[in-house]
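**Q** A single structure is presented below for examination.
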Amino acid sequence: MEANKWLIFGIIVITLFYKAVHMSRKQCIQVVTIVLMCFSGFRSYQMGDLFHYYYAYLVCNTPGWTLDLGKTGDTIGLQLFFHGAGSIGISFQGCLFIISAFVAITLGILIYRYSPSPFWSYIMYVGMGFYISTFNILKQAIAMGFIVLAMICVLKSKPIKFVVLVTLAMLFHLPAGIFLVAYPFARKKIDVVYFIILALTAVIVFLFRNQIVEQASILYYEGDIKFESSGSIGGRALMMSAILALGVFMRPLKQYDMVYSRIFNILVLATIVQTFSVYDNVFSRLADYFFQFVVLLFPLIFQPGREQAKQFPGYIREIRYFTKKSYQIIKFPVFVFTILYYLSYVEASSALLSGFSFFWNA
């Protein structure tokens, strides 16, 4: 578990001081990708739910194996992946490395193309717990990798490719289909109608939340399961709301600022879904399909006004500017909160991480 606590500080050193050793931004992202890929990929499967996945791997490589389409079976994508890997001699440990590489590389591609700050992107990815969560939820980890690629299609306006990638994600984790709403919502023009839609969405969620919860739970559970609200909004939902408020203050939504506006809209969806977590924790996992793009939101929020002006020279007067000292004052508490949040997340995951070790030590 101690290794996981120190991981974020290693990422900080790499992303904060890469220029001092004459590394390019691209090289920095490549180094962090390799670190994340190896740290996760070389872990032993003898921890948490990985025992279940190891058993599934064995089943998928038994003589006479056939695809299990039943609800109790593992997803089609995972079965085909395990069977294909086993048929060419790749062990389950090798499968873990491939999955870790896929997750790290897709994230690296997203950050390289759209993040003005690898430092803030990786701090948010590790600090908000996304990285550790991939240790235990292989199906969703793979699906979230495809969703990252699907988000790039949202930013590049490629609807057909977007649908294909979300469908691939659903083959590994059916609830990933919730991301289909991202394409039209992220691209919604920021106008009066936009805020009317947000208000109507809030009303619908409030009035029909019980029915929504019952239908959504079918994706995760079998049988007739009743959920009761804890009666509170939830700390994570409040945190997401605070992030959105900071975003509106630091970088107001503008139609010309396409990438930022679309990422912001995705975080709005994350906050809406997260409010359902008062019924069951699985809604936090659903929200992660959207919330993972906080890795782009914070770098864009903290992008200095002068850099925005170079990017949008025709809209210099509409950009909100802050002094360098003001940015530092705002960034510091966010950085401290993220570190503390990560350390508390590691402690809260002690049951899982107590079994963490690299495969050569297992």
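The values are calculated or read from the model by the stated rules, or taken from the named source; none is laboratory data. Keep in mind the model is a prediction, meaning the values are calculated, not measured. Neighbour counts are summed over all protein chains in view; Cβ atoms, including those assigned to glycine, are modelled from backbone coordinates with ideal geometry. The protein model used for the area step is the full one, side chains on, heavy atoms only, and it has no ligands, DNA or RNA in it. Shrake-Rupley method; radii C 1.70, N 1.55, O 1.52, S 1.80 Å.
**Q** At 4 °C and 1.567 mPa s, grab the translational diffusion coefficient of the range 5-57 from Stokes-Einstein with a Kirkwood Rh over Cα pairs, rounded to a whole number in µm² per second.
**A** 100 µm²/s
**Q** So, one more: Output the direction-averaged projected area (hull surface divided by four) of the convex hull of the alpha-carbon atoms of the chain, in nm².
**A** 19.8 nm²
**Q** Full-extension gain between W65 and F9, please, as 0.36 nm times their residue separation minus the C-alpha to C-alpha distance.
**A** So the chain would gain 15.7 nm between W65 and F9.
**Q** Next question. Using +1 at the C-beta of Lys and Arg and -1 at the C-beta of Asp and Glu, which of A141, S354, Y321 has the Cα lying farthest in the positive direction of the dipole of the chain?
**A** Y321
**Q** Let me ask you something else. For the range 246-362, count the residues as N, evaluate 2.2 N^0.38 Å, and divide the Cα radius of gyration by that value, please.
**A** Here the Cα radius of gyration is 1.36 times the empirical estimate.
**Q** What residue among A101, Q303, S261 has its Cα farthest toward the positive end of the dipole of the chain, where the charges are +1 on Lys, Arg and -1 on Asp, Glu, each on the Cβ?
**A** Most positive-ward Cα: Q303.
**Q** May I pose another question? Considering only protein heavy atoms, with the full assembly of protein chains and a 1.4 angstrom probe, order W6, W65 by accessible area, largest first.
**A** Highest to lowest solvent-accessible surface, that is W6, W65.
**Q** If R0 is 30 Å, what FRET efficiency do you get for F51 and S87 from their C-beta distance, rounded to 0.05?
**A** Approximately 0.85, to the nearest 0.05.
**Q** Related question: When the chain is treated as a GNM, springs tying every alpha-carbon pair under 10 Å, which of Y122, Y54, Y315 comes out with the largest mean-square fluctuation?
**A** Evaluated over the chain, the most mobile residue of the options is Y315.
**Q** To the nearest 0.05, what FRET efficiency results for R306 and V163 with a Förster distance of 30 Å applied to their C-beta separation?
**A** With R0 = 30 Å, the Cβ-Cβ based efficiency is 0.20.
**Q** For L180, L267, L244, give me the order by solvent-accessible area with a 1.4 Å probe, most accessible first, ignoring ligands, DNA and RNA.
**A** Per-residue accessible area, sorted high to low, gives L180, L244, L267.
**Q** Taking Rh as the Kirkwood radius computed over C-alpha pairs, what is the Stokes-Einstein D of the range 304-351 at 4 °C in a medium of viscosity 1.567 mPa s, expressed in µm² per second?
**A** It diffuses with D of about 98 µm²/s by this estimate.
**Q** Moving on to the next point. Whenever you get a sec, line up H83, H22, H173 from highest to lowest accessible area (probe 1.4 Å, protein heavy atoms).
**A** Result, largest first: H22, H83, H173.
**Q** Still on this model: Measuring from label point to label point, each 7 Å out along Cα→Cβ, what is the L58 to D191 span in nm?
**A** Result for the modelled spin labels: 6.1 nm.
**Q** Could you tell me the accessible area of S91 in Å² (1.4 Å probe, neighbours in place), rounded to the nearest ten?
**A** 60 Å²
**Q** Taking Cα atoms, how many degrees apart are the long axis of helix 235-250 and the longest axis of the chain, rounded to 10 and kept between 0 and 90?
**A** On a 0 to 90 degree scale, this one is about 30.
**Q** Which far-off residues, 5 or more places away or on another chain, put their amide H under 5 Å from the one on F358, with H placed in the peptide plane?
**A** Amide H neighbours of F358, under 5 Å, 5+ apart: S44.
**Q** For a 25 Å ceiling on Cα separation, which of these pairs sit above it: K26/K156; K188/K325; K156/K331?
**A** Over 25 Å apart, Cα to Cα: K188/K325; K156/K331.
**Q** Sticking with this structure for a sec: Given charges of +1 on the Cβ of Lys and Arg and -1 on the Cβ of Asp and Glu, with all other atoms neutral, how large is the dipole of the chain about its Cα centre, in debye to the nearest 20?
**A** Charge dipole, the chain, about its Cα centre: 1740 debye, nearest 20.
**Q** Hey, what angle do you get for helix 92-114 against the long axis of the chain, alpha-carbon based, 0 to 90 degrees rounded to 10?
**A** 10 degrees
**Q** Continuing with the same structure: Let me have the 222 nm mean residue ellipticity of the chain computed from DSSP H runs of 4+ only, each contributing -39500 (n - 2.57), with the sum over all residues rounded to the nearest 500.
**A** My calculation for the chain gives -21000 deg cm²/dmol from helical runs alone.
**Q** Counting other Cβ atoms within 10 Å, which trypsin sites (Lys or Arg not before Pro) in the range 1-80 have at most 10 and lie in a DSSP loop?
**A** In loop regions of the range 1-80 (DSSP not H, G, I, E or B), the sparsely surrounded trypsin sites (Lys or Arg not before Pro) are K71.
**Q** Across the range 11-21, in residue order, what do the Karplus-derived ³J(HN,Hα) couplings come to in whole Hz, using 6.51 cos²θ - 1.76 cosθ + 1.60 with θ = phi - 60° and x for Gly and Pro?
**A** 5, 4, 4, 5, 7, 8, 10, 5, 5, 5, 9
**Q** Which Rg and Dmax, in Å, describe the Cα atoms of the range 82-142?
**A** 13.8, 42
**Q** Here's another thing I want to ask about it. Over the range 76-123, give the accessible area per residue in Å² for a 1.4 Å probe, as an integer.
**A** About 34 Å² of surface per residue is accessible.
**Q** Sticking with this one: Angle, helix 138-156 long axis vs. longest principal axis of the chain, Cα atoms, 0 to 90°, nearest 10?
**A** On a 0 to 90 degree scale, this one is about 30.
**Q** Something else now. Given the alpha-carbon gyration tensor of the range 279-331, what are the semi-axes of its equivalent ellipsoid in whole angstrom, ordered largest first, with each equal to the square root of 5 times an eigenvalue?
**A** Taking √(5λ) for each Cα gyration eigenvalue gives 32, 14, 8 Å.
**Q** Okay, moving on. Could you work out the longest stretch of the chain that avoids the GluC sites (Glu not before Pro) located in DSSP loops with at most 10 other Cβ atoms within 10 Å?
**A** Here the longest segment lacking exposed loop sites spans 1-221.
**Q** Taking square-rooted eigenvalues a ≥ b ≥ c of the alpha carbon gyration tensor, is the range 1-146 rounded, prolate or oblate, where a/c under 1.5 means rounded and, failing that, a/b exceeding b/c means prolate?
**A** Verdict is prolate for the range 1-146.
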